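Enquirer: Here you go, one structure.
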Amino acid sequence: MINSRDRVFCPLSDYIIEYTDRNVANEYKPVAVGRYGIRTRESIYSKELAKNYEKNKLIYKDTLTVGMGSKQVDIGILSDDVTYSVSPAYHTYRITGINCDYLRYCLRCRNSDMFARYVKRGSRQGKSIDLKRWIQYVIPVYSDMMQHEIVKRLDKAESLIALRNSELKELDELIKARFVEMFGNPVTNEKGWPTKTLEKLCNSIVDCPHSTPNYTFENTGYMCIRTSIVKENCIRWNEIEYISEEEFRRRIQRKRPEKGDIVYTREGAILGIAAIIDKDCNVALGQRSMLLSPNEHQCSSVFLSVAMNFKSFLRTALRSMSGSASPHINVGDIKSFVIIVPPIEMQNEFEAFVNQVDKSKVA
């Protein structure tokens, strides 16, 4: 049994020592460190792989890599017996005297607190971490045996979460399969449905403000949707960020988002994803997105969101952008996009099916 009275509180400096080993022979492949830990750069920055990485820092088994993300401390702990290289902007530390996996869970748990305490704003690159203060951050430390037991339990919990996420993905595929069964492909229209432009199916289609929101750590009751929390047919409200009322008023001048409206990401790394605003709240758009307000007498929000997430929809929307270094979708292109329009009764039947599946997701 794990007893909290068996722990002691110690600064990070007791367990990590900074080092700087360079990739001088350009021998080791680069990885990125971010919200989800260490990730191979091929999956993120494939166009950069031809660059020279001699100035990169090396990371090894049982090392900690630290940087600053947009809203979290970027932390990566390498547990495998391999060697990679990371950007010289990261800070690298050897870990001693503590279970590396325990430290990883501990730092992940306290990430928000560390970010709030040690972020430095206004630096040339936007944000940085106050390392002199951060390294004195105090963490709970148990005996080696208890650390091992904690890691074992958390690993099991993560496995269950991964299994549940897999089940949720299968339910999403079920929704898409049902769509195809009822309506076919929303772009190629092999079932011969009537078609209309999205502009005629929506009461309005507006672009986001072309300015960076001024976020706040305080829960003001006024929210702002980053594209990073927009997933297929789903907004991750648990990751929402807040803005002031004044900032909110500025960002809703074109259109105040309402329940049933669709957010569509139109540029950047997260491109071509649609999700419904499924709650009544004070929310505004961040950057690199647009807002569609379907006419409920012609088009179900659920039907349209699922249709817009088809790969064929994105491919067609991007057709005019062939060869662009930075693919994006213009609001005008979306307004003129032609899509199928099955009878509203069938769309509502499909929406009822999706609602039943969504109930299974929270069961």
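Computed from the coordinates by the stated procedures, all read-outs in this text should not be read as laboratory data. All values reported here derive from a predicted model rather than from experimental measurement. Please note: Cβ atoms are built from the backbone with ideal geometry, for glycine as well, and neighbour counts cover all protein chains shown.
Enquirer: Give me P(r) over the stretch 69-153, computed from all C-alpha to C-alpha distances, binned every 10 Å, as integer percentages.
Expert: Each 10 Å bin holds this share of Cα pairs: 14, 45, 32, 8, 1.
Enquirer: Hey, another quick one. Positive end of the dipole of the chain, charges at C-beta (+1 Lys, Arg; -1 Asp, Glu), about the Cα centre: which of S159, L291, S312 has its Cα farthest in that direction?
Expert: About the Cα centre, the residue reaching furthest to the positive side is L291.
Enquirer: I would also like to ask the following. What is the dipole size for the chain, taken about its Cα centre, with +1 at each Lys and Arg Cβ and -1 at each Asp and Glu Cβ, in debye to the nearest 20?
Expert: I would put it at about 920 debye.
Enquirer: Expressed as an acute angle from 0 to 90° and rounded to the nearest 10, what is the orientation of the C-alpha long axis of helix 100-109 relative to the principal long axis of the chain?
Expert: Roughly 50 degrees, rounded to the nearest 10.
Enquirer: K196: which lysines have alpha carbons under 26 Å from its alpha carbon, excluding same-chain residues fewer than 8 sequence positions away?
Expert: Reachable lysines: K176, K231, K255, K259, K311, K335.
Enquirer: Put one equal scatterer on each alpha carbon of the chain, apply the Debye formula with no solvent term, and list log10 I(q)/I(0) at q = 0.07, 0.10, 0.15 1/Å to two decimals.
Expert: At q = 0.07, 0.10, 0.15 Å⁻¹ the computed log10 ratios are -0.40, -0.79, -1.33.
Enquirer: With the crude spin-label approximation of a point 7 Å out along Cα→Cβ, what separation in nm comes out for V180 versus L318?
Expert: 2.0 nm
Enquirer: Express in nm, to one decimal, how much length is gained between T188 and R7 on full extension, taking 0.36 nm for each residue of separation and deducting their alpha carbon distance.
Expert: That pair, T188 and R7, stretches by 59.0 nm at full extension.
Enquirer: When the helices in the chain are scored as -39500 (n - 2.57) per DSSP H run of 4 or longer and the sum is shared across all residues, what 222 nm value do you end up with, to the nearest 500 deg cm²/dmol?
Expert: -9500 deg cm²/dmol
Enquirer: For T220 and N26, calculate 0.36 nm times their separation in residues minus their Cα-Cα distance, and state this gained length in nm to one decimal.
Expert: 65.0 nm
Enquirer: Moving on to the next point. Using the C-alpha atoms of the stretch 167-362, what convex hull volume per residue, in cubic angstrom, is computed?
Expert: So the per-residue Cα hull volume is 123 Å³.
Enquirer: Mind listing P(r) for the stretch 4-154? All alpha-carbon pairs, 5 Å bins, whole percents.
Expert: Distribution as computed: 2, 9, 18, 21, 20, 15, 9, 4, 2, 0, 0 percent.
Enquirer: Quick check: net charge around Y19, other residues with Cβ under 10 Å of its Cβ, Lys/Arg +1 and Asp/Glu -1?
Expert: Neighbour charge sum, excluding Y19 itself: 0.
Enquirer: Follow-up. Can you order the peptides 95-101, 301-307, 192-198 by their average number of other Cβ atoms within 10 Å per residue, highest first?
Expert: So the peptides 95-101, 301-307, 192-198, ranked by packing, come out 301-307, 95-101, 192-198.
Enquirer: Could you check the spin-label model distance between Q136 and E170? Points 7 Å from the Cα along Cα→Cβ, value in nm.
Expert: About 5.2 nm separates the two model spin labels.
Enquirer: Could you give the length gained on full extension between F353 and I270, defined as 0.36 nm per residue of separation minus the Cα-Cα distance, in nm?
Expert: That works out to 27.1 nm of additional length.
Enquirer: State the dimensionless ratio Rg/Rh of the stretch 107-235 (Rg: radius of gyration of Cα atoms; Rh: Kirkwood radius).
Expert: Dividing the radius of gyration by the Kirkwood radius yields 1.12.
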